[in-house]
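Data block below; observations after.
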Amino acid sequence: MTRYVHHQLMGAAMAVCACVISAPVVFGVRGIPAVDDDALWLVPLGVFGSIVFFGILGATRLKVVGEVRLFEAAVPLEDPGMIRPVDRSFRHNLVSTSFLCSLLLPALVMGLALSPWLTLVHLPLALDWLIRAGIAARWEKRHGVLLWRGYVPDRPWELSYSSSEAAVQR
């Protein structure tokens, strides 16, 4: 069982690490391609702008894009003994080698085979995960609870919550 905020931050950290590892390798092998057209810089700005826009929409209760509805549908955690100490759970679970490899391998292959710029494909994912972590942290603070993933092993995507005092006391 992991905290939802920590899960999102871990994803963002792994996406940035995948870019930091793959970009020097691919740019070293293929070189940095020249960008002749100034309009090409609008593509990354548009991607990041749309991620920020939809991230802000995620903070609402809109049915299609609202993250807050998922948080409000969380079930209470019945066994507080399952909670690991908050200060240790994030520090020891920040790096997941299998997740890093699953992000790193496609970035390297796409960067070497198609375009070196594709090694940076995970940066928008990192931004999205950071925004989700911020929304969840804000919601947790407002409601005085902590969101958890993986309480029900058959449905690890479902969220549950516990009081923030129960996690701090352990």
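The values are calculated or read from the model by the stated rules, or taken from the named source; none is laboratory data. Bear in mind the structure is a predicted one, so any value in this text is a computation, not a measurement. Please note: Cβ atoms are built from the backbone with ideal geometry, for glycine as well, and neighbour counts cover all protein chains shown. For the accessible areas, the whole protein counts, side chains as well, though only heavy atoms, and no ligand, DNA or RNA atoms are used. Shrake-Rupley method; radii C 1.70, N 1.55, O 1.52, S 1.80 Å.
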### Query
Can you list residues whose amide H is under 5 Å from GLU158's amide H, if they're 5+ apart or on another chain and H is modeled 1.01 Å from N?
GLY150
### Query
Using a simple spin-label model with points 7 Å from Cα along the Cα→Cβ vector, what separation in nm is obtained for ALA113 and ARG30?
1.1 nm
### Task
Add +1 for every Lys or Arg and -1 for every Asp or Glu among the other residues with Cβ under 14 Å from the Cβ of LEU57, and state the total.
+2
### Query
Where the accessible area of the stretch 1-70 is counted over protein heavy atoms with a 1.4 Å probe, how much of it, in %, is carbon and sulfur?
72 percent
### Query
Can you pull out the trypsin sites (Lys or Arg not before Pro) in the stretch 20-68 that DSSP calls coil and that have at most 15 other Cβ atoms within 10 Å?
ARG61, LYS63
### Task
Work out the length of the dipole vector of the stretch 21-73 about its Cα centre, built from +1 on the beta-carbon of each Lys and Arg and -1 on the beta-carbon of each Asp and Glu, and round it to the nearest 20 debye.
320 debye
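Report the extension gain between LEU94 and LEU42 in nm, rounded to one decimal, defined as 0.36 nm multiplied by the number of residues separating them, less their alpha carbon distance. Please report the intermediate quantities before stating the final value.
Numbers: separation 52, 0.36 × 52 = 18.72 nm, distance 3.28 nm.
Result for the pair: 15.4 nm of gain on full extension.
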